[in-house]
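Written out below as structure tokens is the structure these notes cover.
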Amino acid sequence: MPSHLIEPSLTTLPIIDAQALVSARSTPSARGAAARSLDSAARTHGFFYAVNHGVDAALIERLVLRARAFFAQSEAAKMQIPMSAGGRAWRGYFALGGELTSNRPDWKEGLYLGSELGPEHPRVRAGTILHGANLWPPGLDGFRDTVLAYIDALTSLGHALMGGLALGLGLPERWFADSGGTADPLILLRLFNYPTRPVPAESPAQWGVGEHTDYGLLTMLWQDDVGGLQVRTDAGWIDAPPLPDSFVCNIGDMLDRMTGGRYRSLPHRVALNASGRDRLSIPLFFDPDFAWRVAPVPGAAAGSDDSGRRWDGANLQAFEGTYGDYVSAKVGKVFPELKQQVVGGSGS
């Protein structure tokens, strides 16, 4: 079995050695071997661990420390940068139970961040949702610089992994960057804290995060050692336990659609945290350009109706339009009150 892929059974997630994909000095044969393993993981599971990914461990640690410092503040301090102040950029803090999955509140709090875009950016001037400036918490030294450095590092990793997936699909390594919507990807970063305290009896929350799939191309998740992530595979629900020095990566809806279902966007969820310690989770979403019109990759077979296996009952393979069309319709369901406030219910 190639060293790039360790797959004892369908009840565990593959481990991909990404070194050949992130190193400019790797040989074509090494990149090809890594790409084949990545392709197998994307087809079989839709989830994998990326190790030897090249992201500086010290940078990750700085972000973790600053994220924990942010969530350790009082509620009043965190609410100095609420999502309602982020406007159409969809940035800022939300409190426990403030985010919905399948119309139920998740038992987590979070800070929404993304690529830092100034008022002169054409998308910001146009009022395009999910584009704009971040809201930075006051009084936390180094927070802004650390977040932006982390976004840059994970964006580079995203390009490298997408290059490996392109090779696995028999395409040029730069196909996604040149033709597949990632020349200027939509980058969204989330800091999530899952408290260990019990859910109040009057709350309808049942999960840290309920069952869902991600919207875009590729998610790269750092998780601490508490655990709780679960993935629904053909073998049933399995745990995705923490693996040191790794990112848990998963395929999003758009890559599933673009490959006609060859690459699978699998449902996942997060259990309620009963560990006695708060759980920190940091996903970065590497998504297509907002205006990119979703189209099949060259050579992809037409996808069949997949509504029977989808958590939401939707036929993903029938979607037509831009990524902006897709993601705008989704985010409004996560924060319906905010949608009414900042986008007037249009979701666009």
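Given the condition surrounded by fewer than 21 Cβ atoms within 10 Å (Cβ to Cβ), of a type in the set (A, V, I, L, M), under 30 Å from ASN52 (Cβ atoms) and at pLDDT 95 or above, answer yes or no: does some residue in the range 131-146 qualify? Checked the range 131-146: no residue is surrounded by fewer than 21 Cβ atoms within 10 Å (Cβ to Cβ), of a type in the set (A, V, I, L, M), under 30 Å from ASN52 (Cβ atoms) and at pLDDT 95 or above. For SER281, are the conditions met, namely being assigned to a strand (DSSP E or B) and of a type in the set (Ser, Thr, Tyr)? Yes; evaluated as a whole, the condition is true for this residue. Evaluate the range 10-22: report whether one residue or more is surrounded by fewer than 17 Cβ atoms within 10 Å (Cβ to Cβ), at pLDDT below 95 and among the β-branched types (Val, Ile, Thr). Within the range 10-22, one or more residues are surrounded by fewer than 17 Cβ atoms within 10 Å (Cβ to Cβ), at pLDDT below 95 and among the β-branched types (Val, Ile, Thr). Among strands (runs of 3 or more DSSP E) entirely within the range 166-271, having at least 3 residues that are under 26 Å from ILE151 (Cβ atoms) singles out 186-194, 218-223, 247-251, 268-270. Number of residues in the range 216-238 that are more than 18 Å from the chain's Cα centre (by Cα) and either of a type in the set (Asp, Glu) or surrounded by fewer than 16 Cβ atoms within 10 Å (Cβ to Cβ) (or both): the value is 5.
Of these, LEU113, LEU135, LEU130, LEU157, which one is at positive phi and touching a strand residue (DSSP E or B) at 6+ places or on another chain (Cβ under 7 Å)? Reasoning before the result, please.
Details: LEU113 fails: at positive phi; LEU135 fails: at positive phi; LEU157 fails: at positive phi.
Going through LEU113, LEU135, LEU130, LEU157 in turn, the sole match is LEU130.
Is there a residue in the range 275-288 that is surrounded by 17 or more Cβ atoms within 10 Å (Cβ to Cβ), at pLDDT below 95 and either within 15 Å of the chain's Cα centre (by Cα) or over 28 Å from LEU157 (Cα atoms) (or both)? Steps first, please.
As a first pass, look at the range 275-288 and keep what is surrounded by 17 or more Cβ atoms within 10 Å (Cβ to Cβ): 278-288.
Okay, now just the ones that are also at pLDDT below 95, so none.
Within the range 275-288, not a single residue is surrounded by 17 or more Cβ atoms within 10 Å (Cβ to Cβ), at pLDDT below 95 and either within 15 Å of the chain's Cα centre (by Cα) or over 28 Å from LEU157 (Cα atoms) (or both).
When ALA77 is tested against (1) closer than 30 Å to SER328 by Cα; (2) crowded, with 18+ Cβ neighbours inside 10 Å, just one condition goes unmet, and that condition is (2).
The values are calculated or read from the model by the stated rules, or taken from the named source; none is laboratory data. As the structure is a computational prediction, the values presented were derived from the model and not from experiment. Here Cβ is always computed from backbone atoms with ideal geometry, including for glycine, and neighbour counts include all displayed protein chains.
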